[in-house]
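As structure tokens, the structure follows; a few thoughts come after it.
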Amino acid sequence: MQSVKIICVGKLKDKFFRDASDEYMKRLKGYCKAEIIEIPAANLPDDPNDALIAAALEKEADAILKKIPSNSTVVAMCVEGKLYSSEDVAELLSKSAMNSGEIVFIIGGSYGLHENVKKRADVRMSASKMTFPHRLFRVMLLEQIYRGYKINSGGKYHK
């Protein structure tokens, strides 16, 4: 069974996001071994300067990179990435299952991902040109992973 890890900066504090995340994690159990790894967000003041942001991103990157298994397919979720459809996600899941067997999706914090994380990634993916709260996006990514497995299995969930 394929292993899917989602490395996220920050925690889900709102119950409705946790409930939605838990629901998709439960649905994924029939398709993969899914795991969410939360990396603490760096503490920043309300109006940080560029140097503080850069230092925070580097600190988060160090923690993220330590959690990535060496043989995995790595997907950095970033605004400058390629736009993926649900069918593209399904194909990526299928290809990674054949190659390494393990896929890792990385969601950065409110300032994104450090370049070191993006360089480590095999894929730079964007879900939309719109901006979403990171807490909401985690749920959206889980749903798309679930949808990808349903597409690959010929299920009726995807229309």
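In the chain, a dipole from Cβ-located charges (positive for Lys and Arg, negative for Asp and Glu) runs towards its positive end, and of TYR84, LEU57, SER3 it is SER3 whose Cα lies farthest in that direction. Remark: the range 2-153 carries a charge dipole of roughly 500 debye about the Cα centre, counting +1 on each Lys and Arg Cβ and -1 on each Asp and Glu Cβ. For LEU65 and SER85, what is the calculated FRET efficiency with R₀ set at 35 Å and r taken between the beta-carbons, to the nearest 0.05? Efficiency, from the Cβ-Cβ distance: 0.75. Taking other C-beta atoms within 10 angstrom as a stand-in for reagent exposure, LYS150, LYS67, LYS156 fall in the order LYS156, LYS67, LYS150, fewest first. Protection proxy ranking, highest mean first, for peptides 132-139, 46-53: 132-139, 46-53, where packing is the per-residue count of other beta-carbon atoms within 10 Å, averaged. When the C-alpha to C-alpha distance is required to be over 30 Å, the pairs from LYS13/LYS118; LYS66/LYS156; LYS15/LYS95; LYS15/LYS66; LYS26/LYS119; LYS11/LYS156 that qualify are LYS66/LYS156; LYS15/LYS95; LYS26/LYS119; LYS11/LYS156. Rounded to the nearest whole Hz, the Karplus-based 3J(HN,Hα) values (6.51 cos²θ - 1.76 cosθ + 1.60, θ = phi - 60°) of the range 101-118 follow the sequence x, 10, 10, 10, 9, 10, 10, x, x, 5, 9, x, 10, 5, 4, 4, 5, 5, with x at glycine and proline.
Here, each number is a calculation from the coordinates, and none is a lab measurement. In this text, all values refer to a predicted model and were calculated from it rather than measured experimentally. Because the Cβ atoms are built from the backbone with ideal geometry, glycine has one as well, and the counts that use them run over all protein chains shown.
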